[in-house]
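Here is the structure we will look at.
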Amino acid sequence: MNESSATHTQEVCSVVVGDTLYGIPIAHVLEILGKPATQPVPLAPYFVGGLVHYRGEVLTAVSLRRLLGMEPAKTPEDVLVFESADGLFGLFVDSVGEVLHVSDTDHEPNPATLEARRQALFDGAWKLKDRLLVSLAPERLDPMRLAGAFPA
Amino acid sequence: MDDLTREFLLESQEGLDRMERALTDLETRPGDTELLADIFRSVHTIKGTTGFLGFSRLEALSHAGENLLGLLRDGKLAATPAIISGLLSLMDRLRGVLHSIETTGAEGESDAQDAAMIERLERLQLGDASIAVAEPVPQEVSVAAPAHPIRPHKPRAPRRRVTHPLPDGAEGAPPPASPEEAGPPREAEESPREPAPEPRSLPAAAAASLPARPASEPAGEVQAATSSGTADSTLRVDVELLNRMMNLVGELVLTRNQILQTTSADPGFALLGRRLDMVTADLRESVMKARMQPVSHVFSRFPRLVRDLALGLDKKIRLEMEGQETELDKSLLEAIRDPLTHSIRNAVDHGIELPAVRLAAGKPAEGVVRLRAYHEGSHVIVEVHDDGAGMSIEKIRRKAVERQLIPQQRAEQMNEREILQLIFLPGFSTAEAVTSVSGRGVGMDVVRTNVEKIGGKVDVESHAGKGSILRLRIPLTLAIIPALIVRSRGQNFAVPQTALTELVHLSAGETDSRIERLENAALYRLRGRLLPLVFLDRLLQQSVRESHVPCDIAILNADGRRYGLVVDGLADPEEIVVKPLAAVLREIGFYAGATILGNGEMALILNPGAIAQNANVGLSSEGEEGLTEEKNAARRDYLVVEAGSHRAALPLETVVRIERIPRSRIERAGSRPVLRFEGALLPLDDAAADFIDAGDDPDAQTTVVVCRDGRRHVGMTVSQVLDVTGGSQLQEAGSGLAAEGITLLHEKVTSIVSLASIPPLENVRDGEPVMESAFSLEEEQ
């Protein structure tokens, strides 16, 4: 990584879902819950992975796998906690990796060839040395917004 | 809206509430100078603050009111009903403007109605011509007001300023009025005001125009001192913050539970764990208390309501209120506001008769509506009692048939109590004509729905010629509710206990035979009546279970809809803390929230009313089935038990609860076997004495059925509880007399246990005298 670059760099939390590496600006992540107990919600919109317990609150957690139309995870998932206008919410991911420093100069917008749903969810990607880090913006994952954007 | 304005709105609303109460009191005690001073103070505070904030319309209105009140306070004018009506409508006007500020941020243009209001108040002042001369000219107010800078220019004042009863600097707006206008309670604050006009928060012009005030009367000083004392010891707290605290306490409770489960070799750790346990319990109680408010917050508006209604209906009515200090969770208090208002309207309009009718019936011309609040167990009861004519059973019966709420034939079979329940059906009204007060057929059903929504119950009692009583039974708090945890396809769900009436277990072999089908509709025959069934797994589109596995039916009664909810199994009842769900999940409709159980697992809380509606469960008049059966002497329900080696029956309505206890807990008081139970002594049946002397295995358990016998509770030791079933009354051949002490259960003659045969404790002769504590009759649900 070219940290020497004079341009703006930021810290992102890397998460893995399937074979893809995603990055979420660390400033937005309230907390990471390691493999918490979850409670499925029958009849919930398809993108809701279930409920998780976070500091006395019951959070609705969005499943990135379900959102992307992938198979359900076979092992327990980690949850990232975010804050939205409607309150706190969670995001199920396969696993949370290390914190990476990325520079704005390495960021590229979504390619035009990307499928429409992913266009709406992804915020471009950072070019790492050997792979791509897909940028996720938490405000696009807010369940209220998803309910409006992707009705079942 | 800035903080200052928000605080002003809150304070003004409270002031107006206080004033309204005082004004209606004034009507009964017209000469009460303390009341007058209190009202004057409230108006004065509002006027002062409005000038300070630049709300000229409010200022003009309150100024006119203040002038009139000044005269009243100084005894230059007597408080006639006309004046009180005038002042009350002034308050409505003020409320309207406050509302507009709250919603739009601006007070709106003053209109002709304002002018008319001011003129009305001025005319009232002239009621006594000799005083009229002393009046200050109200027009000056409007001149002074625009001179004030508009709000945005003003730097945000420090909060402290606002919480003072009066930002005195604001006084500058109106010209100094006649000396008597200076309210006595204000005077105490005069001195701090003059040396510190706090120009940082006040526009210079306003500060400069501060009028010098005459010296105070001593009486005023005392009052001011007490009122500021209360202000110092209380604090306004955002409800959100309290909710957050409640959540965190819930979290702490869970963490505590986990810590207590962690076994540690260190004895000191166990001790610490117990301390933590105690502190957590205390903390939880304190936070709950912080959310409590006295019911007077809601009651306070009723004197005005009753007064206005009574005037409009030409009735004479006195409102008596009792137990105003009884406290209730804030959100519940809000929720009962409308149902109570409705009930009081009903009492005034339908309950209390016209004075002439009352006199003819030998009653005083003045009717009494009594509003009473008190604690009962974990509930608060609010009663609306009127000494009117009572409800006419025949009229209700006739109207219910006319409005096709029940079939004619059924109406004829119903008893008094059942008929009374009909008033809660939607669309019911006995009013001959629709009045502005009531008679539109929306009323009691709304009362019931609203009260049930918060887990409460409504009950009505009526005595012909003597009046009626409406009783609202409200849980103390919404945040924590008792619930039964049920399981469906491996998941936990919580069913609020308030909706639960009974539970039925079907074993694997029974599911096919006991669940009957009418086309697609599944039904269960409960004591001869068909009950619609809703399968939770199918409703929630979970994986569907096979038909030959055992299941449980939770029989629910929600908003008058009665049905059985079929689940895989039952877990323990638990007191659960209700957590709200995100909007996307609320929309599903079947869930009232979520909760975290004692074992750390989560559960969704079911909404029995919404499930009933979704499944098209109709409103049933069978909703009151329980009552019918209770009254029906020929057929009663019994708890069938095995005592010793024979079967016996206990009338179900006497059974309070069933407990498993170690035999060693049974003790002897005198010659009688007793059980210490919930801090009181429970007399037991004779057979229990055998356990004391047996002394075999100290861990052996026995079952005690706690029963109600008149006002006391007694315990029956039984070896097994077998069933609940309906029994038929037997008659002696020939005489046709009802046989006592036996009943026919499952085609077998079974003896009914006589609870009276268990002697009361005061009969204990030998040994120490035993105090039989008054055993609480209110079992906690």
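Each reported figure results from applying straightforward, stated rules to the coordinates on display, with no laboratory input. Keep in mind the model is a prediction, meaning the values are calculated, not measured. For neighbour counting, all protein chains shown are included, and Cβ atoms are generated from backbone atoms with ideal geometry for every residue, glycine included.
When the gyration tensor of the stretch B:239-290 is built from Cα positions, what are the square roots of 5 times its three eigenvalues, in whole Å, from largest to smallest?
So the equivalent ellipsoid measures 26, 11, 5 Å along its semi-axes.
Let me check I have the definition right: for the stretch B:501-620, take the eigenvalues of the Cα gyration tensor, multiply each by 5, take square roots. What are those semi-axes in whole Å, largest first?
Semi-axes (√(5λ), whole Å): 25, 17, 14.
Which peptide among B:86-93, B:356-363, A:26-33, B:4-11 comes first, and what is the full order, when sorted by highest mean count of other Cβ atoms within 10 Å?
B:86-93, B:4-11, A:26-33, B:356-363
Per the Debye formula with a single identical scatterer at each Cα and no solvent contribution, what log10 I(q)/I(0) holds for the stretch B:294-475 at q = 0.10, 0.16 Å⁻¹?
Listed by q, the Debye log ratios stand at -0.38, -0.99.
When B:D685, B:D445 are ordered from fewest to most other Cβ atoms inside 10 Å of their Cβ, what list results?
In order of increasing Cβ crowding within 10 Å: B:D445, B:D685.
Taking amide H positions as placed in the peptide plane 1.01 Å from N, state which residues far from A:S135 in sequence (5 or more) or on other chains have amide H under 5 Å from it.
A:G23, A:D123, A:G124, A:A125, A:W126
Excluding B:T103 itself, what net charge comes from residues whose Cβ is under 14 Å from its Cβ, given Lys and Arg +1 and Asp and Glu -1?
For residues surrounding B:T103, the net value is 0.
Convert 4 °C to kelvin, take the viscosity as 1.567 mPa s, use the Kirkwood radius over C-alpha pairs of the stretch A:9-139 as Rh, and evaluate the Stokes-Einstein diffusion coefficient in µm²/s, rounded to a whole number.
The estimated diffusion coefficient comes to 85 µm²/s.
Peptide B:593-605: average number of partner chain Cβ atoms within 10 Å per residue?
Counting other chains' Cβ atoms within 10 Å and averaging over B:593-605 gives 3.
Please give the net charge around B:L585, taking every other residue with its beta carbon less than 12 angstrom from that of B:L585, where Lys and Arg add +1 and Asp and Glu add -1.
Every neighbour counted, the sum reads 0.
Show me the GluC sites (Glu not before Pro) within the stretch B:318-363 that DSSP assigns to loop and that have at most 11 other Cβ atoms within 10 Å of their Cβ.
Of the GluC sites (Glu not before Pro), the ones in loops of the stretch B:318-363 whose Cβ has at most 11 other Cβ atoms within 10 Å are B:E325.
Tell me, what is the FRET efficiency for A:E11 and A:R118 to the nearest 0.05, using R0 = 30 angstrom and their Cβ-Cβ distance as r?
0.80
Using Cβ counts within 10 Å as a stand-in for footprinting exposure, how do A:E57, B:E659 rank, fewest first?
In order of increasing Cβ crowding within 10 Å: B:E659, A:E57.
Using Cβ contacts closer than 10 Å as the measure, can you line up B:R398, B:R307 from fewest to most?
Placing the least packed residue first, the sequence is B:R398, B:R307.
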